[in-house]
Ligand code: 8YV
């Protein structure tokens, strides 16, 4: 008999078929308690779990006594209780490589659109405001040759450094838990402590996972260290930033502008001040959202689940040491 798996995200037809060749698939809409209750037997028997963006905590794991592997269609896994998975020796698989270039493209788009006010001025054109030659009230600030700071030099940070260095001639500063020789050799990136980066960078770009250590890493104190001309970009996880402090920094002119793909609460509340500030570009968490990359992420997650349930966790496994 094929092992059974719970699927809580829609998959392209061919990937769904591939999953079905290996497993008995039970598709559900989400992982809310009422859904779990409704499919209690399926959850109780499932050995695998595949989907993204929903909370996988001890309450859910208690309903899944046979679970052996979880596979998320994302690189981030802050929505999983990793300690609880480790305690039960349940594998956690993710999709770290396939989205790198796309997320770096999104970050560069945020850099450019925040600095050059692309969204704001395009809206003014659509509103019929372009009636004569434009003046300084339409101008932005330059990107090329300015200093770009990257907080979190993982795969995506490296791809951003490449774009900044080769594409825009930007000196790159970075702060990370450790030195990254590749970034230094290939993109001339300079390692520095966080305070130095905040003080020197014209563009402060955050691409960090959410952990206990990174929660509210950037708050009032950090915004106060940035240049008044600084542009702040966040494409990692929203709660790494104290959003109230960010709003204050934008309102008071402590920093110049922000380009944000992630927020403390998603979807962003329609009353959030971030939506009415002209110096904010707010995107709906589209970092990896291209047809090609979302397909590749789903395909990777399907393969990851097949591998994990066959005992192969040599690649894309978050917790290989815990499952032995
Ligand atoms: C996805 C992401 O948007 O991979 C991640 O960690 O944040 C995004 O690429 C999200 O997880 C939905 O699948």
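The values are calculated or read from the model by the stated rules, or taken from the named source; none is laboratory data. Please read these numbers as outputs of a predicted model, since none were measured by experiment. Virtual Cβ from ideal backbone geometry, glycine too; neighbours counted across all protein chains shown.
A few notes on this one:
- Residues of the stretch 200-215 that are touching a helix residue (DSSP H, G or I) at 6+ places or on another chain (Cβ under 7 Å) and surrounded by fewer than 16 Cβ atoms within 10 Å (Cβ to Cβ): 215 alone.
- Selection count, the stretch 88-102, where residues are touching a residue at least 40 places away in the same chain (Cβ under 8 Å) and either out of contact with any helix residue (DSSP H, G or I) (no Cβ under 6 Å at 6 or more places or on another chain) or within 22 Å of residue 23 (Cβ to Cβ) (or both): 10
- Count - residues of the stretch 170-198 that are part of a helix (DSSP H, G or I) and either crowded, with 16+ Cβ neighbours inside 10 Å or in contact with a strand residue (DSSP E or B) (Cβ under 7 Å, 6 or more places away or on another chain) (or both): 6
- Residue within the stretch 55-68 that is within 14 Å of the ligand (Cβ to nearest atom), closer than 29 Å to residue 240 by Cα and modelled with pLDDT of 95 or more present: yes
- Tally, over the stretch 81-120, of residues that are outside any loop (DSSP other than H, G, I, E, B) and either under 17 Å from residue 258 (Cβ atoms) or within 16 Å of the ligand (Cβ to nearest atom) (or both): 23
- Selection of the stretch 241-254 for residues being surrounded by fewer than 23 Cβ atoms within 10 Å (Cβ to Cβ) and touching a residue at least 24 places away in the same chain (Cβ under 8 Å) yields 242, 243, 245, 247, 248, 250, 251, 253, 254.
- Residue in the stretch 260-288 that is surrounded by the most Cβ atoms within 10 Å (Cβ to Cβ), counting only those that are more than 16 Å from the ligand (Cβ to nearest atom) and part of a strand (DSSP E or B): 281
Every residue, every condition in (1) surrounded by 15 or more Cβ atoms within 10 Å (Cβ to Cβ); (2) in contact (Cβ under 8 Å) with a residue 60 or more places away in the chain; (3) closer than 23 Å to residue 88 by Cα; (4) in contact with a helix residue (DSSP H, G or I) (Cβ under 6 Å, 6 or more places away or on another chain), yes or no:
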position	(1), (2), (3), (4)
2	no, no, yes, no
10	no, no, no, no
20	no, no, no, no
27	yes, no, no, no
30	no, no, yes, no
53	yes, no, yes, no
57	no, no, yes, no
61	yes, no, yes, yes
69	yes, yes, yes, yes
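- Just one residue in the set 128, 149, 135, 140 is at pLDDT 95 or above and touching a strand residue (DSSP E or B) at 6+ places or on another chain (Cβ under 8 Å); that residue is 149.
- Any chance residue 233 is assigned to a loop (DSSP other than H, G, I, E, B), touching a strand residue (DSSP E or B) at 6+ places or on another chain (Cβ under 6 Å) and buried (at least 17 other Cβ atoms within 10 Å of the Cβ): no
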